[in-house]
1. For region 105-115, take each phi angle, set θ = phi - 60°, evaluate the Karplus expression 6.51 cos²θ - 1.76 cosθ + 1.60, and give the result in whole Hz per residue in order, putting x for glycine and proline.
2. At 1.4 Å probe size, with the rest of the protein present, what percent of the exposed accessible area of the chain is carbon and sulfur atoms?
3. What distance in nm separates the simple spin-label points at Arg57 and Lys43, each placed 7 Å from Cα in the Cβ direction?
4. If the elastic network links every pair of Cα atoms under 10 Å, which of Lys86, Lys43, Lys64 fluctuates the most in the Gaussian network model of the chain?
5. Output ³J(HN,Hα) for region 17-25: one whole-Hz value per residue in order, computed from phi by the Karplus curve 6.51 cos²θ - 1.76 cosθ + 1.60 with θ = phi - 60°, and x for Gly and Pro.
6. Run the numbers for Thr112 and Ala74: contour at 0.36 nm per residue of separation, minus the present Cα-Cα distance, in nm.
7. Quick one: length gained pulling Gln1 to Arg66 fully straight, 0.36 nm per residue minus the C-alpha distance?
Amino acid sequence: QVQLVESGGGLVQPGGSLRLSCAASGNSPSRYILGWYRQAPGKQRELVAGIFGSGLRTYGDSMKGRVTISRDNAENTVYLQMNSLKPEDTAAYYCNARRGNDEYWGQGTQVTVSS
């Protein structure tokens, strides 16, 4: 079992930045691929970014070039730095841990981009 707790969401103006954090705990979270997904009302959940334990990163198309994912294996924390935010980035952002058939989700943190 892996538990994931997100933080850092909130209200930000267009063009602003936010950094999301996800603290992982439980059974060897450093062995999992950690990632961020988002889901806007009425839309499917989509990948924002993922990072392997080695540090290899992958990014979804929706925010590529505006986000950076990083992880601190010592602290079992994954971060998502989001820049140049747009109103269409408004969504619930979810932390994900995946290893083989094991997959866990956090509760989500809301990001609202509005003036």
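1. 10, x, 6, x, 9, 7, 10, 10, 10, 7, 8
2. On the way: 2590 of 6120 Å².
With neighbouring chains kept in place, the figure for the chain is 42 percent.
3. Computed distance between label sites Arg57 and Lys43 equals 2.1 nm.
4. Maximum fluctuation in the GNM of the chain, among the listed residues, is at Lys43.
5. 10, 8, 10, 9, 10, 9, 8, 9, 9
6. Values: separation 38, 0.36 × 38 = 13.68 nm, distance 3.03 nm.
10.6 nm is the gain from fully extending Thr112 to Ala74.
7. Working: separation 65, 0.36 × 65 = 23.40 nm, distance 3.16 nm.
20.2 nm is the gain from fully extending Gln1 to Arg66.
The values are calculated or read from the model by the stated rules, or taken from the named source; none is laboratory data. A quick note: this is a predicted structure, and the numbers were derived from the prediction, not measured. Heads up, the Cβs are rebuilt from the backbone with ideal geometry, glycines too, and the neighbour counts pull from every protein chain shown. Surface accessibility is based on the protein's heavy atoms, side chains included, excluding ligands, DNA and RNA. Shrake-Rupley method; radii C 1.70, N 1.55, O 1.52, S 1.80 Å.
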